[in-house]
């Protein structure tokens, strides 16, 4: 079942259960998928990779909003965004723990043949492709920097 079909089924279920917060988050995801499908140059359904990127983008937007609202003392808005983030996260692959990320990045560093901080760009390119959806860019970057120094 594609993400689009899964979202449509979950929207129907949320409507029947009258889960307003969940419905809002699911409709936002559906909107992003529809926009991606109607983009110029797209002739067929979007790939799983594109779906994953859309979900990660939506999750990152919510995460940034939560941080911003908390800084500004708007806990009501932060809680709303956090609820949407939790719902979006259900559709993302399981995130790697810090230890799992470290092991995966050590393998990537070996593959790239990196020796020091000067090779960070090479490692980051491989790491972001290899770990797409399993870890966010900030944590990958911080861990790579730590491992290369």
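Rule-based calculations on the coordinates, nothing more; no lab input. The shown structure was predicted, so the numbers you read here are calculated from the model rather than taken from an experiment. Here the Cβ is made from the backbone with ideal geometry for all residues, glycine too, and neighbour counts use every protein chain on show.
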**Report entry** Computed [θ] at 222 nm, deg cm²/dmol, the chain (DSSP H ≥ 4; -39,500 (n - 2.57); rounded to nearest 500)
**Finding:** -24500 deg cm²/dmol
Report task. Between residue 111 and residue 134, take the C-beta separation as r, use R0 = 22 Å, and let me know the FRET efficiency to the nearest 0.05. Result -> 0.85
**Report entry** FRET efficiency, residue 149 to residue 8 (Cβ-Cβ, R0 41 Å, nearest 0.05)
**Finding:** 0.30
**Report entry** Gain upon complete extension [residue 72, residue 50; 0.36 nm per residue less C-alpha separation]
**Finding:** 4.6 nm
Query - Nearest 10 degrees, 0 to 90: helix 75-89 Cα axis against the chain principal axis - result: 80 degrees
Report task. Would you work out the relative contact order for the chain, in percent, from Cα pairs under 8 angstrom that are 6 or more residues apart? Result -> 20 percent
Requested in this report: State, as an integer percentage, the relative contact order of the stretch 3-89 based on alpha-carbon contacts under 8 Å between residues 6 or more apart.
Outcome: 32 percent
Query - Calculated Cα Rg over 2.2 N^0.38 Å (choose from (i) 0.96; (ii) 1.02; (iii) 1.22), label - result: (iii)
Query raised in the report: Relative to the longest principal axis of the chain, what angle (0 to 90°, nearest 10) does the C-alpha long axis of helix 20-37 take?
Result: 70 degrees
Query raised in the report: What angle, in degrees between 0 and 90 and rounded to the nearest 10, separates the Cα long axis of helix 3-17 from the longest principal axis of the Cα atoms of the chain?
Result: 40 degrees
